[in-house]
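S.K.: Have a look at the structure that comes next, please.
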Amino acid sequence: MIQQLRDLQVETGATFAPDVEGSGVEGSGVAANGPASFGNGPASFGNDAIALQAVNHGVALCDRSHWGRIEVSGGDRLRFLHNQSTNRFEQRQPGETCETVFVTSTARTIDLVTAYITENAVILLTHPSCRQRLMEWMDRFIFFADKVDLKDLTPTTATFSLLGPQSDALLEKLGAGAAIGQEGGHQVLTVAGIEARIAAGSGLATAGYTLIVEAEQAADLWKALTAAGAVPLGEQLWERLRIEQGRPAPGQELTEDFNPLEAGLWQTISLSKGCYIGQETIARLHTYKGVKQQLWGIQLDGPAELDMGVTTADEKVGKLTSCTPTSEGFFGLAYIRTKAAAAGLKVQVGDRQGELVPLPFLSHEYP
């Protein structure tokens, strides 16, 4: 089970932070160097420099089992998701993968979700803090005649991500070479004798794969992947990569203060499908080019407090939402007023100097 995976990770140097608040996954808590519950992943393996090298030149392995996995089944599942989130679902075929955003009626963001369409269901991979909220949110919109069922797969499955240019070679080595080249897709394959769903995409802008496996097989799969050369990567480094690459996170960049167009998530939005929750606002913003702020990266010369104003020439142009130390200093994410934003713009965050840089995970272009 998952506890066997955690025990294995502790044996190889993993430390754990307290459970993720709001993950909604049952667990007994965790000491800093002891066994963990479902509620959090390894914070660090004490090898961040080596793991970062693997992301850039080899293959790293991140345990994302604390992320939510919700199965949406029933005959109306595609129509239901089509009406509940920003991407199109009605014409999706088994084996397809897409990203979509759940938004409020005024198009404020709830979560960025990855959807895996299977023969009989859709599996949604959610942020750890949003699993319970999305279960409750979707349940509110299932009416008596709807053929839609929700099931929480989080306690009975595990999720790993492979990141780095050698991910293909590692899967080939373990007998799962059929996964290579399936851009935008996924399939169930045998990896080192273990059945897993393998999807193209690491969850970040870095090339890689996401694997979903039954919980009782998780420890064996982790052992096989690391034995084949994958370097374990903890949550602390994942968070740094998330910020550097610009993947917005709930509670920071994805809140009821922002919409998915401002967050640069154009790839998750269908502009041609019919009505869905938040569609009217999104369509109006697109039609009239009304996106007033955009998510940008900021290279900083020192640490800065979150929610601080971003200024240029003594004029406030935005707000800092995330910040992380890197090998080049500090790097942050901030929403910047569209009319002011441009790559290379010199800004200040408090007494820190910074410069705006584009983010590989996002787009600011109107399609």
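The values are calculated or read from the model by the stated rules, or taken from the named source; none is laboratory data. Here the structure is a predicted model, which means the values were calculated and not measured. Positions of Cβ are backbone-derived with ideal geometry, glycine not excepted, and every protein chain shown enters the neighbour counts. Side chains included, ligands, DNA and RNA excluded: accessible areas come from the protein's heavy atoms. Shrake-Rupley method; radii C 1.70, N 1.55, O 1.52, S 1.80 Å.
S.K.: Leaving ligands, DNA and RNA out of it, report the carbon-plus-sulfur percent of the accessible area of region 65-210 at a 1.4 Å probe.
M.R.: On the way: 2610 of 5540 Å².
Roughly 47 percent of what the probe reaches on region 65-210 is carbon or sulfur.
S.K.: Can I ask one more? How big is the charge dipole of the chain about its Cα centre, in debye rounded to the nearest 20, if each Lys and Arg gets +1 on its Cβ and each Asp and Glu gets -1 on its Cβ? Each step should come with its number before you reach the end.
M.R.: Working: 29 positive and 43 negative charges, 184 e Å.
With Lys and Arg at +1 and Asp and Glu at -1, about 880 debye.
S.K.: Also: Would you look at the GNM of the chain, springs on alpha carbons closer than 10 Å, and say which of His66, His286, His186 moves the most?
M.R.: Highest fluctuation of the listed residues: His286.
S.K.: Relative contact order for the chain: what is it in percent, counting Cα pairs under 8 Å that are at least 6 residues apart? Intermediate values should be presented prior to the final figure.
M.R.: Numbers: 852 pairs, mean separation 63.3, N = 367.
Dividing the mean separation by the residue count of the chain yields 17 percent.
S.K.: Could you tell me which of Pro360, Pro250, Phe331 has its Cα farthest along the dipole of the chain towards the positive end, charges placed at Cβ (Lys, Arg +1; Asp, Glu -1), taken about the Cα centre?
M.R.: Of the candidates, Pro360 comes out farthest on the positive side.
S.K.: Here's something else I'd like to know. Where nothing but the Cβ of Lys and Arg (+1) and of Asp and Glu (-1) is charged, how large is the charge dipole of region 210-257 around its Cα centre, in debye to the nearest 20?
M.R.: Working: 4 positive and 9 negative charges, 58 e Å.
Taking the Cα centre of region 210-257 as origin, the dipole is about 280 debye.
S.K.: What number do you get for the chain when its Cα radius of gyration is normalised by 2.2 N^0.38 Å, N = residues? It would help to have the intermediate numbers written out before the result.
M.R.: Details: Rg = 20.3 Å, N = 367, 2.2 N^0.38 = 20.7 Å.
Cα-based Rg divided by the globular estimate yields 0.98.
S.K.: Cα-Cα over 25 Å: which of Lys273/Lys316; Lys319/Lys339; Lys147/Lys273; Lys273/Lys339? Can you show the working numbers first?
M.R.: Values: Lys273/Lys316 37 Å; Lys319/Lys339 15 Å; Lys147/Lys273 21 Å; Lys273/Lys339 29 Å.
Where the Cα-Cα span goes over 25 Å, the pairs concerned are Lys273/Lys316; Lys273/Lys339.
S.K.: Kindly sort Asp314, Asp168, Asp301, Asp111 by accessible area of their heavy atoms, largest first, with the probe set to 1.4 Å. Could you put the intermediate results ahead of the total?
M.R.: Details: Asp314 145, Asp168 65, Asp301 95, Asp111 0 Å².
Sorted descending by solvent-accessible area, the residues read Asp314, Asp301, Asp168, Asp111.
S.K.: Another question, then. Cross-link partners among lysines for Lys173, C-alpha distance below 22 Å, same-chain residues fewer than 8 apart left out?
M.R.: In chain and number order, the partners are Lys223.
S.K.: Tell me the net charge near Cys98. Cut-off is 10 Å between Cβ atoms, Cys98 excluded, with +1 for each Lys or Arg and -1 for each Asp or Glu. Numbers along the way, then the final one.
M.R.: Values: positive: Arg88, Arg92; negative: Glu96, Glu99.
For residues surrounding Cys98, the net value is 0.
S.K.: Using the Cβ atoms and a cut-off under 14 Å, what net charge is assigned to the surroundings of Glu183, where Lys and Arg are +1 and Asp and Glu are -1?
M.R.: -3
S.K.: Could I ask something else about it? Relative contact order for region 225-308 using alpha-carbon pairs under 8 Å, separation at least 6, rounded to a whole percent?
M.R.: Details: 27 pairs, mean separation 24.4, N = 84.
After rounding, I find 29 percent.
S.K.: Evaluate the relative contact order of region 137-238 (contact order divided by residue number), counting alpha-carbon pairs under 8 angstrom at least 6 apart; express in whole percent. Walk me through the numbers before you get to the answer.
M.R.: On the way: 138 pairs, mean separation 27.7, N = 102.
Relative contact order of region 137-238: 27 percent.
S.K.: Based on Cβ point charges of +1 for Lys and Arg and -1 for Asp and Glu, what charge dipole magnitude is obtained for region 85-152 about its Cα centre, in debye rounded to the nearest 20?
M.R.: Values: 8 positive and 10 negative charges, 38 e Å.
Dipole size: approximately 180 debye.
S.K.: Whole-Hz ³J(HN,Hα) for each residue in region 349-358, computed from phi via Karplus 6.51 cos²θ - 1.76 cosθ + 1.60 with θ = phi - 60°, x for glycine and proline: what do you get?
M.R.: 10, x, 9, 9, 9, x, 9, 6, 9, x
S.K.: Next up: In the chain, what percentage of the DSSP-assigned beta bridges are antiparallel, given to the nearest 5? Please report the intermediate quantities before stating the final value.
M.R.: Numbers: 76 of 80 bridges.
So the antiparallel bridges amount to about 95 percent of the total.
S.K.: Averaged per residue, what accessible area in Å² does region 216-359 show with a 1.4 Å probe, protein chains only? Before the final figure, lay out the partial values.
M.R.: Working: 6220 Å² over 144 residues.
With the other protein chains kept in place, region 216-359 gives 43 Å² per residue.
S.K.: Counting Lys and Arg as +1 and Asp and Glu as -1, what is the net charge of the other residues whose Cβ lies under 14 Å from the Cβ of Leu359?
M.R.: Working: positive: Arg240, Arg242, Arg247; negative: Glu244, Glu253, Glu262, Glu355, Glu365.
That works out to -2.
S.K.: Most fluctuating residue of Glu328, Glu172, Glu214 in a GNM of the chain with Cα springs under 10 Å: which is it?
M.R.: Glu328
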